[in-house]
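The values are calculated or read from the model by the stated rules, or taken from the named source; none is laboratory data. This is a predicted model, so every value here is computed, not measured. Glycine gets a Cβ as well: all are built from the backbone with ideal geometry, and neighbour counts include every protein chain shown. Each accessible area value is taken on the protein alone, full model and side chains, heavy atoms only, with ligands, DNA and RNA left out. Shrake-Rupley method; radii C 1.70, N 1.55, O 1.52, S 1.80 Å.
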Amino acid sequence: MTINDPRQLDFPIHKDFKAAGMEPHTDFTFCCGAITEVLKFGPRQLHPEHKQLILLIPGNPGLVGFYKTFMQELHSLLEHKYPVWAVSHAGHCAAPDGMDMVEDGRAAADDDVFGLNGQIEHKLAFVRKHIPKGSSLVLVGHSIGCYIILEMMRRNPELKVLKAVMLFPTIERMAESPQGRSMTPLLCQMRYLAYLPVFLVSLLPDILKAALIKLVFIGMSSLDHCILQPTVQLLSGDCAANSMYLGGQEMRMVLERDNETIKKNLDKLIFYYGATDHWCPVKYFYDIKRDFPHGDFRLCEKGFRHAFVLDVGREVAEMVAEWISGVLRT
């Protein structure tokens, strides 16, 4: 089942979307039995004539609303010729009225759909179900989304991937990174203690949640206000708990870099590392560049943060459009 979002949200659609006549579509569907949000610029349904699709796999938290500005700019820069979709992580969205977080709680638990392996299988299932078999994909991953993309390519070598863009990739040694060392105890040993304050915040009206979010980011003059709606959603239910659960598995499971998959697909991969990224430190950039001297590895020279969607979604979209425009024309 797939339905359009029936909720009347407190946050209006960004004026730039309206001005361009490209208001995005938001659909909710059950995939692998879990609630899934799909954000779409371009056609809502794909048909055999849609030969190419740009599909974004988010980081964690995996709410697609964080990427609205990035996707809108990318769609615009590519002259609206190619659909640009993003699929949320399973359970990383607030279920609309009439839908539960899962269709079958026991099956979701047995398949561990909210865990890292479950999220990988969730993305593969989404591609099988919603994307025509003959379509070619340009995959764009952010953070753990890059690890998921590599696993998708490893598990299904028949995926027609034209290019995979890895933005601030957390594909190895996550628990050893500076941020990983500080977050691992919280995510792995003390996760349940964090549920109580999240639950208490979830009881607040959305207008107060939004005010708190603005207060947290008060020092960021260039904050993209499109991130307010998904952040409120993150604080409104089970998706925060699912995000923390996934984070704990990332610390335990994202260990060694998958050199074999990278080697097999080296000509399709573009990696973009942050110069001051505490999730994938610059050492990881130099290590992978040394191991794959003929690969396309780029180091940010603009000071962009790991969570680029907070303030530079447009600027990152400009780079990605330049990198992939050639392969889309072929």
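Set Lys and Arg Cβ to +1 and Asp and Glu Cβ to -1, take the dipole of the chain about its Cα centre, and tell me which of Pro24, Leu186, Ser236 lies farthest positive.
Pro24
Under a no-solvent Debye model with one identical scatterer per Cα of segment 197-298, what's log10 I(q)/I(0) at q = 0.11, 0.16, 0.19, 0.24 Å⁻¹?
Treating every Cα as an identical point scatterer, log10 I(q)/I(0) equals -0.57, -0.90, -1.00, -1.20.
State, to one decimal in nm², a quarter of the convex hull surface area for the C-alpha atoms of the chain, i.e. the direction-averaged projected area.
Result: 16.1 nm².
Per DSSP H run of at least 4 residues, take -39500 (n - 2.57); add these up for the chain, divide by its residues and hand me the 222 nm value, nearest 500 deg cm²/dmol.
It comes out at -12000 deg cm²/dmol, rounded to the nearest 500.
Expressed as a whole percentage, what fraction of the accessible surface of the chain belongs to carbon and sulfur atoms when a 1.4 Å probe is rolled over the protein heavy atoms?
Within the chain, the accessible surface is 54 percent carbon and sulfur.
Taking 0.36 nm per residue of sequence separation and subtracting the Cα-Cα distance, how much length would be gained by fully extending the chain between Tyr286 and Leu200, in nm to one decimal?
Taking 0.36 nm per residue and subtracting the Cα distance, the gain is 26.7 nm.
Could you report segment 149-263's accessible area per residue, 1.4 Å probe, as an integer in Å²?
50 Å²
Going toward the positive end of the dipole of the chain, with +1 on Lys and Arg Cβ and -1 on Asp and Glu Cβ, which of Cys300, Ser202, Ser143 do you reach last?
Most positive-ward Cα: Cys300.
Taking a label point 7 Å from the Cα of Leu186 along the Cα→Cβ vector, which residues of segment 54-85 have an amide N closer than 17 Å to it?
Taking a point 7 Å out along Cα→Cβ of Leu186, the residues of segment 54-85 whose backbone N falls under 17 Å are 60-62.
Test of understanding: extend the Cα→C-beta vector of Arg298 to 7 Å, then name every residue of segment 246-290 with backbone N under 14 Å from that spot.
269-275
Efficiency by 1/(1 + (r/R0)^6): what FRET value for Arg329 and Ala107, r their Cβ-Cβ distance, R0 = 41 Å, to the nearest 0.05?
The calculated FRET efficiency here is 0.45.
Express as a percent, rounded to the nearest 5, the fraction of DSSP beta bridges in the chain (both residues included) that run antiparallel.
If we restrict to bridges inside the chain, about 40 percent are antiparallel.
Using Cα springs under 10 Å in a Gaussian network model of the chain, which residue among Thr231, Thr69, Thr36 shows the largest mean-square fluctuation?
Judging by the Gaussian network model, the answer is Thr231.
What net charge is computed for the residues neighbouring Phe30, neighbours being all others with C-beta under 12 Å from the C-beta of Phe30, Lys and Arg scored +1, Asp and Glu -1?
Local net charge: -4.
On the Cα set of segment 82-205, report Rg and Dmax in Å, please.
Just the Cα atoms of segment 82-205 yield Rg and Dmax of 16.9, 47 Å.
Evaluate the relative contact order of the chain (contact order divided by residue number), counting alpha-carbon pairs under 8 angstrom at least 6 apart; express in whole percent.
21 percent
Using the Cα centre of segment 27-329 as the reference point, and only Cβ charges (+1 on K/R, -1 on D/E), how large is the resulting charge dipole? Debye, rounded to the nearest 20.
Charge dipole, segment 27-329, about its Cα centre: 580 debye, nearest 20.
Using alpha carbon coordinates only, what is the Rg to Rh ratio of segment 82-126, with Rh defined as the Kirkwood radius?
1.01
Quick one: compute the contact order of segment 72-217, relative version, from alpha carbon pairs under 8 angstrom and 6+ residues apart, as a percent.
14 percent
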